[in-house]
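Input: a single structure, listed below in structure tokens.
The numbers here are math on the coordinates, done by the rules we state, and not lab data. Keep in mind it's a predicted model, so treat the numbers as computed, not measured. When we count neighbours, we look across all protein chains shown, and the Cβ atoms used for this are built from the backbone with ideal geometry, even at glycine.
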Amino acid sequence: MPVIDVHTHAYTRDYLELLRTAGGVYSLKMRPDGKEEIFRGETPVALPQPGHLDYELRIREMDANHIDVAIVSLTCPNCYWGGEQISAAVARQSNDSMAAAQKRYPGRIYWYASLPWQYPARALEELTRAMDAGASGVMVLANIQGRSLTDPFFRPIWRAIDARKLPVLVHPTDPPGAQLMDMGKYDLSWAVGFMADTTLCFARMIFDGFLDQYPDLKLIASHGGGTLPYLIGRFDKGDEVELPSRRTINAPPSAYLKRIWYDGICYSAQALDYLISIVGAERVLYGTDYPHQVHDMAGMLAKTEAMSADRRYAIREGNASRLFGI
């Protein structure tokens, strides 16, 4: 059975060097173990791994873990730094590197475009260029320099994405206030902050009526949707007691959860089962978070292997094939 991994990441060496010299609030710092990690201020963001930079290694790891297709994206902090010229150049360079990998490994590597969202006109230019170069969708972080994705400022970009009916991987990053909340300690920015970032992003989308405004969006909530499935009761209860004059949605919040897609990176079979019980197996996709240190290639394979044949097919291949047209 083919396996399509919809959540996997890459950097380039040029990207890391530019981040080192022009990252602004982002920097590369040496860890106690001698490895360089990306930080935002004092908050850790991501730890580059060999697999981020080496597609030959990636293909070997894919083969070893029975993954046939990887849809690759530039991970945190993406291109939302450095000013307009650098941000646009970073997006272009990353997209070009992924387009080249797709040509080198046809049928194995696909990719999400990165866009300089802080500059909508430049983002629209890069969206057109990236789609012409073969992108399969768009990757966006769950907040853009602290700005909500539902901000009207981003409306031109969302309209263009909606018109193209593109899949969008919404991936968390360190949430605003992470340093104030002391999330750098014990890497809670990843364990807790990332989940909060995803959850808050999609909660805003639901309650803002965003999914009604853009009915053709195909949004993928990373890491099992954060805590969205667990909060389904609170969302519906909150909507139930909301003043009618302030309500902007046409259905209970729980109904919107089933209009979102989710990757299955939960690290726990029980958590994955709960996600499926809320949104259905037809909304869950195979993801590994490779090659981050916390990737779950082996775990995702084992958890889906234990499922019924129809559920296993849906998550490993069927849903992604339908969503991406692969």
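As a proxy for reagent exposure, ranking I144, I326 by other Cβ atoms within 10 Å from fewest up yields I326, I144. The slack in the chain from Y230 to Q213, taken as 0.36 nm per residue of separation less the alpha-carbon distance, amounts to 3.6 nm.
Between amide H atoms placed 1.01 Å from N, distances below 5 Å from Y290 occur with H9, D296, all of them 5 or more places distant or on a separate chain. Remark: the chain carries a charge dipole of roughly 460 debye about the Cα centre, counting +1 on each Lys and Arg Cβ and -1 on each Asp and Glu Cβ. Viscosity 0.692 mPa s, temperature 37 °C: Stokes-Einstein D of the chain from its Kirkwood Cα radius, in µm² per second? It diffuses with D of about 165 µm²/s by this estimate. Within the listed set P116, P172, P291, the Gaussian network model of the chain (springs between alpha-carbon atoms below 10 Å) gives the highest mean-square fluctuation for P291. Ordering L285, I206, L141 by Cα displacement along the dipole of the range 4-324 toward the positive end leaves I206 in first place; charges were set at the Cβ atoms of Lys, Arg (+1) and Asp, Glu (-1).
For V72, the residues whose modelled amide H falls within less than 5 Å of its own, excluding neighbours fewer than 5 places apart on the same chain, are Y110, W111, Y112. Bridgeable aspartates and glutamates around K237 (alpha carbons under 19 Å apart, same-chain partners fewer than 8 residues away excluded): D208.
If R0 is taken as 22 Å, the Cβ-Cβ distance between D273 and K185 corresponds to a FRET efficiency of 0.10.
Structure note, pairs K165/K258; K35/K185; K185/K218; K29/K185: Cα-Cα distances above 24 angstrom occur for K185/K218. Put simply, the amide H of V138, placed in the peptide plane, has neighbours under 5 Å in A113, V168, L169, leaving out anything fewer than 5 places away on its chain. For the range 193-320, a simple Cβ point-charge model (Lys and Arg +1, Asp and Glu -1, everything else neutral) yields a dipole of about 120 debye relative to the Cα centre. On full extension, the segment bounded by R104 and E242 gains 44.4 nm, given 0.36 nm per residue less the C-alpha separation. Overall size of the range 14-78 from C-alpha positions, given as principal axis extents largest first: 38, 24, 19 Å.
Other residues with beta-carbon under 12 Å from the beta-carbon of S27 carry, at +1 per Lys or Arg and -1 per Asp or Glu, a net charge of 0. For the chain, modelled as a GNM whose springs connect Cα atoms under 10 angstrom apart, the maximal fluctuation among A113, A123, A221 occurs at A123. Summing Lys and Arg as +1 and Asp and Glu as -1 over all other residues whose Cβ lies under 13 Å from the Cβ of W117 gives a net charge of -1. Taking a sphere under 13 Å around the Cβ of R60 and counting the other residues whose Cβ falls inside, with K and R at +1 and D and E at -1, yields a net charge of -2.
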